[in-house]
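The values are calculated or read from the model by the stated rules, or taken from the named source; none is laboratory data. Values in this document were obtained by computation on a predicted structure and should not be read as measured data. Note that each Cβ is placed from the backbone with ideal geometry, even for glycine, and that neighbours are counted across all protein chains shown.
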Amino acid sequence: MRNRTNIVLLSMLLFLAKCSGDGSVNPKDNSNPESSSSEHFSIILYDGLNQNITGPVIKMLEDNYARVLGDLNLISMNRVTVKIWSEESNFLNDMQSDIGTRYPGSTGYVYGPAEVRILYRGNAAQTALHEFCHAASLVVNYRFGNNPRWLWEAVAIYESGEFRDPKSIGYLVSGNYPSIEELNSDFNAGNNKIYEVGYLISEYIISNWGKTSYVNLIKSNGNIAAAIGITVNQFEEEWRHYVQSRYF
């Protein structure tokens, strides 16, 4: 499980890491980037990144493609372009140019349902998978991007397999479970908890109501009453009971 903030036109993904310095970068002009493709993905490399980094990214994406689409009740998607930068300044400059703002420290975002953008770090394959899950959820509901934030992140965290053991989360151990309102607050307000508990929320929804209701919740932009027929307060209380019963 990794802390991250994702941008979809105005949403972010946070994962702080240092470049490993593995010799995979050569200075080049970004006007002629390297490219490659697989069955469902096109990869474009900037800042002199070499093709030798694409193998793990493509494998991660292709290995999980059918499962993610199946979980979200999708039959197909348009080919997804994955753009990868190695220089944070160039990554942020393009972000600023295309969405009108920048988020220093972010390493990935989606620019609509057919384009994933990531900053190359050692976690590039996992970052790409997380962002692809966001892109797939936009095919389910094009209005879903960061709306609401708690479910937007919970879906991508669950579908990309970023489980965090609740026994390692101090506030859960002490019984101080965050509310939906808290999990939905803006990242810039210092809220990272959704990245720690998002998997548990999606797991709880699927365990109690199944994947059809899970998808319906995405389609309804997190309308708990409409999608699963209980109040937000009931949802919070039953989620807490689910986690306590399953993991403690």
Would you mention how many residues in the stretch 125-138 are more than 14 Å from Tyr109 (Cβ to Cβ) and either outside the structural domain of Ile44 (by TED's automatic domain parsing) or small (Gly, Ala, Ser) (or both)?
2
Filter result (touching a residue at least 40 places away in the same chain (Cβ under 8 Å) and either assigned to a loop (DSSP other than H, G, I, E, B) or touching a helix residue (DSSP H, G or I) at 6+ places or on another chain (Cβ under 8 Å) (or both)) within the stretch 95-105:
Thr101, Tyr103, Gly105
Got a number for residues in the stretch 110-126 being closer than 18 Å to Asp47 by Cα and surrounded by 23 or more Cβ atoms within 10 Å (Cβ to Cβ)?
6
Would the stretch 228-248 turn up any residue that is of a type in the set (Phe, Trp, Tyr), surrounded by fewer than 13 Cβ atoms within 10 Å (Cβ to Cβ) and not in a helix (DSSP H, G or I)?
yes
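Would you pick out the residues in the stretch 117-143 that are charged (D, E, K, R) and touching an Asp or Glu at 6+ places or on another chain (Cβ under 8 Å)?
Within the stretch 117-143, Arg117 is the sole residue that qualifies.
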In the stretch 142-179, residues that are surrounded by fewer than 17 Cβ atoms within 10 Å (Cβ to Cβ) and either of a type in the set (Val, Ile, Thr) or touching a Lys or Arg at 6+ places or on another chain (Cβ under 7 Å) (or both) total 1
Set Met60, Met12: member being modelled with pLDDT of 95 or more and under 28 Å from Asn147 (Cβ atoms)
Met60
Is it true that some residue in the stretch 164-171 is in contact (Cβ under 8 Å) with a residue 40 or more places away in the chain, among the aromatic types (Phe, Trp, Tyr) and at negative phi?
no
Candidates Leu92, Leu172, Leu138, Leu151, filtered to the one that is assigned to a helix (DSSP H, G or I) and closer than 21 Å to Leu45 by Cβ
Leu92
Options Gly108, Gly122; residue that is under 30 Å from Ser220 (Cβ atoms) and small (Gly, Ala, Ser):
Gly108
Please determine whether any residue of the stretch 20-42 is at pLDDT 90 or above and of a type in the set (A, V, I, L, M, F, W, C).
yes
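Tell me which residues, restricted to the stretch 214-230, are of a type in the set (Ser, Thr, Tyr) and over 21 Å from Arg246 (Cα atoms).
Once the filter is applied, which keeps residues that are of a type in the set (Ser, Thr, Tyr) and over 21 Å from Arg246 (Cα atoms), the stretch 214-230 yields only Ser220.
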State the number of residues belonging to the stretch 70-87 that are surrounded by fewer than 18 Cβ atoms within 10 Å (Cβ to Cβ) and not β-branched (Val, Ile, Thr).
6
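Examine the stretch 68-80 for a residue that is β-branched (Val, Ile, Thr), in a helix (DSSP H, G or I) and modelled with pLDDT of 95 or more, and state whether such a residue exists.
yes
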For the condition in contact (Cβ under 8 Å) with a residue 12 or more places away in the chain, in a loop (DSSP other than H, G, I, E, B) and within 24 Å of Asn141 (Cα to Cα), what is the one hit in Ser207, Ser202, Ser185?
Ser185
Within the stretch 47-63, work out how many residues are touching a Ser or Thr at 6+ places or on another chain (Cβ under 8 Å) and surrounded by 19 or more Cβ atoms within 10 Å (Cβ to Cβ).
6
Scan the stretch 119-128 and tell me whether some residue there is within 30 Å of Gln244 (Cβ to Cβ), of a type outside the set (D, E, K, R) and assigned to a helix (DSSP H, G or I).
yes
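Inside the stretch 87-111, can you point out the residues that are within 13 Å of the chain's Cα centre (by Cα) and not hydrophobic (A, V, I, L, M, F, W, C)?
Of everything in the stretch 87-111, those that are within 13 Å of the chain's Cα centre (by Cα) and not hydrophobic (A, V, I, L, M, F, W, C) turn out to be Ser106, Thr107, Gly108, Tyr109, Tyr111.
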